[in-house]
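A.B. asks: Can you keep this structure in mind? I'll have questions shortly.
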Amino acid sequence: MTQSKERFAATLAREDVDRPPVTLWRHNFLREWSATDLADETLSLYRRFDWDLIKLNSRWSYLPEAFGNRYEPPTEQRFQRQTHGVIQTAADLDRLEPADRNHPSLVEQLDALETVVREVGDEVDIIHTVFSPLSVVGLIAGGIGQPLLTLAKENPEGLDRALLVVRETVAAHIVDCLDRGAAGIFYAPLQWTSLDLCDAAFYERFGRPHDLWVLNRAREARVIALHMCGNQIAAERFLDYPVNLLSWDDRGPGNPTMADLAKDSGRAVMAGVPHKRIHKMSDDELATAIRESIDGVDRGVVLAGGCAVGALLADDRMRAARDLASRMT
């Protein structure tokens, strides 16, 4: 086992380590549309910055594509544009059909993952980004929040049914990614975890049951990271989830500090790098911000952004975060 793997495993177990593991991830929107490009981009970032953990940062549309949505790949550094959606009305929620686990968009992710594992899996753990059933249905309907919030009011039973359909595909894809060598998953409900987007009662009905159903079928994974995206996440709602790593923006308004969530959860925590401001911070400013974030947490810390850093973030800012971690004890 390599030093990065040992360091990360000890951190998950909240044991003493020589320094905190560090990782960042970002989109390259031009290189997310084939297994070869995604694998090459992932490996390039790892080899340039020597991360202690690799998150396969897939395009967010790969699961909606499996259900019939279509997108126009971008020609510049921006998100893809939807050109066809299979959920246009509330009644369409009743018509959503199961996806083939061998759909090309899913196999593409697995092939990229397998390539990365084959190349560097002996050196570092690789986790695959998997989106929650609620986030997938929302994306199929055309976004995060709206229009699904309105469609759910019009046809709540239809949304219940659509979520049952989607969660089967999500769970099967997790099994397939573990079979291809992933150490685990980065489970992403997107901004549905933010009370700014939907209230707690909505998530309690349409999010939580399906999260737990999927996560309980991923227990064979060594790493199950839950990403709570956005502000006002009310993290106490997720403390009973069967995960061993918590990821969120510790600087987001209304969000817990790293020390508070580490104490309340008893889990390893992954945050601390100011992903929204790193592009304009000096090395000293970055070091101060990171030390402020991890203050009061003596173990179980993975240094990472609260979400992806910008697609155009300069390499020297990525390297600065890596170098700061290497000097910490």
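A.B. asks: Determine which member of the set ARG217, ARG167 is of a type in the set (Lys, Arg), buried (at least 20 other Cβ atoms within 10 Å of the Cβ) and farther than 23 Å from ASP250 by Cα. Spell out how you get there, then give the answer.
C.D. replies: Values: ARG217 fails: buried (at least 20 other Cβ atoms within 10 Å of the Cβ).
So the residue among ARG217, ARG167 that is of a type in the set (Lys, Arg), buried (at least 20 other Cβ atoms within 10 Å of the Cβ) and farther than 23 Å from ASP250 by Cα is ARG167.
A.B. asks: Here's another thing I want to ask about it. What number of residues in segment 273-284 are surrounded by 19 or more Cβ atoms within 10 Å (Cβ to Cβ) and hydrophobic (A, V, I, L, M, F, W, C)?
C.D. replies: 2
A.B. asks: Looking at segment 290-318 only, could you name the residues that are loosely packed, with under 14 Cβ neighbours inside 10 Å, more than 20 Å from LYS263 (Cα to Cα) and either in contact (Cβ under 8 Å) with a residue 40 or more places away in the chain or not hydrophobic (A, V, I, L, M, F, W, C) (or both)?
C.D. replies: LEU312, ASP315, ASP316
A.B. asks: Of everything in segment 24-57 that's among the aromatic types (Phe, Trp, Tyr) and in a helix (DSSP H, G or I), which residue is surrounded by the most Cβ atoms within 10 Å (Cβ to Cβ)?
C.D. replies: The selected residue is TYR46.
A.B. asks: Next question, about the same structure. Could you give me the residue pairs with C-beta distances under 8 Å whose first residue belongs to segment 17-36 and is closer than 15 Å to LEU312 by Cβ, whose second residue is part of a strand (DSSP E or B) and β-branched (Val, Ile, Thr) wherever it lies, and which are 6+ apart or on separate chains?
C.D. replies: Between residues of segment 17-36 that are closer than 15 Å to LEU312 by Cβ and residues that are part of a strand (DSSP E or B) and β-branched (Val, Ile, Thr), the close pairs are LEU24/VAL273; LEU24/VAL309; TRP25/VAL309; ARG26/VAL309.
A.B. asks: Turning to a different aspect of this structure: Please determine whether any residue of segment 77-87 is in contact (Cβ under 8 Å) with a residue 12 or more places away in the chain, over 19 Å from ALA188 (Cα atoms), exposed (fewer than 15 other Cβ atoms within 10 Å of the Cβ) and within 21 Å of the chain's Cα centre (by Cα).
C.D. replies: Here is the first cut: in segment 77-87, the residues in contact (Cβ under 8 Å) with a residue 12 or more places away in the chain are 77-80, 82-87.
Next, only the ones that are over 19 Å from ALA188 (Cα atoms) stay: 77-78, 82-87.
Retained after the next criterion (residues that are exposed (fewer than 15 other Cβ atoms within 10 Å of the Cβ)): 77-78, 83-84.
Still in the list and also within 21 Å of the chain's Cα centre (by Cα): 77-78.
Yes, that holds for at least one residue.
A.B. asks: Take the conditions out of contact with any Leu (no Cβ under 8 Å at 6 or more places or on another chain) and either assigned to a helix (DSSP H, G or I) or among the aromatic types (Phe, Trp, Tyr) (or both) and apply them to ASP260. Does it pass?
C.D. replies: Numbers: out of contact with any Leu (no Cβ under 8 Å at 6 or more places or on another chain): yes; either assigned to a helix (DSSP H, G or I) or among the aromatic types (Phe, Trp, Tyr) (or both): yes.
So ASP260 fits the description; yes.
A.B. asks: For segment 199-249, give me the residue count where each residue is more than 16 Å from LEU261 (Cβ to Cβ), part of a helix (DSSP H, G or I) and among the aliphatic types (A, V, I, L, M).
C.D. replies: 5
A.B. asks: Moving on. Only one of these is surrounded by fewer than 22 Cβ atoms within 10 Å (Cβ to Cβ) and not hydroxyl-bearing (Ser, Thr, Tyr): ALA268, ALA287. Name it. I'd like the intermediate steps shown before the answer.
C.D. replies: On the way: ALA268 fails: surrounded by fewer than 22 Cβ atoms within 10 Å (Cβ to Cβ).
Residue meeting the stated conditions: ALA287.
A.B. asks: Mind listing just one residue for me: the one in segment 123-147 that is part of a helix (DSSP H, G or I) and free of Cβ contacts under 8 Å to residues at least 60 places away in the same chain and, of those, farthest from CYS229 (Cα to Cα)?
C.D. replies: Of the residues in segment 123-147, the ones part of a helix (DSSP H, G or I) are 133-141.
Filter once more, keeping what is free of Cβ contacts under 8 Å to residues at least 60 places away in the same chain: 135, 137-138, 141.
Values: SER135: 11, VAL137: 17, GLY138: 15, ALA141: 19 Å.
Per the stated criteria, the residue is ALA141.
A short reminder: the numbers here are calculations on the coordinates, not readings from a lab. As the structure is a prediction and not an experimental result, all values here were calculated from the model. We place every Cβ from the backbone using ideal geometry, glycine too, and count neighbours over all the protein chains shown.
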